[in-house]
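Q: This is the structure I want to talk about, given as structure tokens.
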Amino acid sequence: PAMESGLVDTTCSNADTNAMIKSGDYQEKINNFLLVQDASSTMSESWGKTFHYDSSKLEISKELVRCLNNTLPDNFDVNAGLRGFGPFYSEKGLIYGMEGYTKAGLDSAILSIGETGGVSPIANALIHGSYDLLDKPGKKAAILFSDGFNYDAASSPAASAASMKEMHGNHICIYTIPLGDDPKGRVIMEQIAAADTCGCVFR
């Protein structure tokens, strides 16, 4: 997606997606998706040395989610959820879903994340995310938006991703979207995606 004034261009449209599905060039391959949004204290920082956006990593990642939401097809018959971590207790981290996906519902949920705080318990968020998806049949996708930095040293994000994969087997793919240019964070995000053969790191 294009960047304008430090944020993602929120004019992202699903017109092409709808046309591709109608023509048969695209096919819906998942039945459930869970977005996992890092809102820890380091996400209040700017991107870093590579890009100098006025907006924080959290604001940029929120706009990425909004762009993703806007490009999903109309009448997308899936279950969706949004889990945040950082300033949220684990029990309250599931901000939206898991329920029938609506564009308005997901947009409202991501906009409700208005502050950062705490460390980055990525491993804990992934474990809770595994249970968010547990009773949902069909194909699943978990997508993590994070800088991979300042995570809880007492637990392993990669091990939690492996546990998610073990719990859901071939029914799940795990994707990560690294934010910022911290190399240690990038390695963590790569390790999380590497726990799943069908997942990958997007940049």
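Q: Assuming 0.36 nm per residue, please report the length gained on full extension of the stretch Asp74 to Val201 beyond their Cα-Cα distance.
A: Full extension from Asp74 to Val201 adds 43.1 nm.
Q: Moving on to the next point. Take Glu99 and Met167, extend 7 Å from each Cα along the Cα→Cβ direction, and tell me the distance between the two endpoints in nm.
A: Distance between label points: 2.1 nm.
Q: Could you work out what % of the accessible surface of region 36-169 is carbon and sulfur, using a 1.4 angstrom probe and leaving DNA, RNA and ligands out of the count?
A: 52 percent
Q: Still on this model: Just the accessible area per residue of region 44-157, please: how many Å² with a 1.4 Å probe?
A: 46 Å²
Q: Would you please name the GluC sites (Glu not before Pro) within region 88-160 that are DSSP coil residues with at most 16 other C-beta atoms within 10 Å of their C-beta?
A: Those satisfying the criteria are Glu115.
Q: Identify the chymotrypsin sites (Phe, Trp or Tyr not before Pro) of region 114-203 meeting these criteria: DSSP loop state and at most 16 other C-beta atoms within 10 Å of the C-beta.
A: Taking region 114-203 and a limit of 16 other Cβ atoms within 10 Å, the loop chymotrypsin sites (Phe, Trp or Tyr not before Pro) found are Phe202.
Q: How fast does region 120-199 diffuse by Stokes-Einstein, in µm²/s, taking the Kirkwood radius from C-alpha pairs at 10 °C and 1.306 mPa s?
A: Diffusion coefficient, whole number: 128 µm²/s.
Q: With viscosity set to 1.002 mPa s at 20 °C, what whole-number translational diffusion coefficient in µm²/s follows for region 35-182 from Stokes-Einstein and a Kirkwood radius over Cα pairs?
A: 138 µm²/s
Q: Then there's this: Filter the chymotrypsin sites (Phe, Trp or Tyr not before Pro) in region 62-91 to those in DSSP coil with at most 10 other Cβ atoms within 10 Å of their Cβ, and list the result.
A: Hits after loop and neighbour filter: Tyr89.
Q: Lys184 to Lys92: FRET efficiency via 1/(1 + (r/R0)^6), r the Cβ-Cβ distance, R0 30 Å, to the nearest 0.05?
A: On the way: r = 28 Å, r/R0 = 0.95.
Efficiency computed from Cβ-Cβ geometry: 0.60.
Q: Please list 3J(HN,Hα) in residue order for region 127-141, calculated via the Karplus relation 6.51 cos²θ - 1.76 cosθ + 1.60 where θ = phi - 60°; whole Hz, with x for glycine and proline.
A: 4, 5, x, 4, 6, 4, 8, 4, 8, 9, x, x, 6, 9, 10
The values are calculated or read from the model by the stated rules, or taken from the named source; none is laboratory data. Please read these numbers as outputs of a predicted model, since none were measured by experiment. Every residue, glycine among them, receives a Cβ derived from its backbone with ideal geometry; neighbour counts consider all protein chains shown. SASA here: full protein model, heavy atoms, side chains in, ligands and nucleic acids out. Shrake-Rupley method; radii C 1.70, N 1.55, O 1.52, S 1.80 Å.
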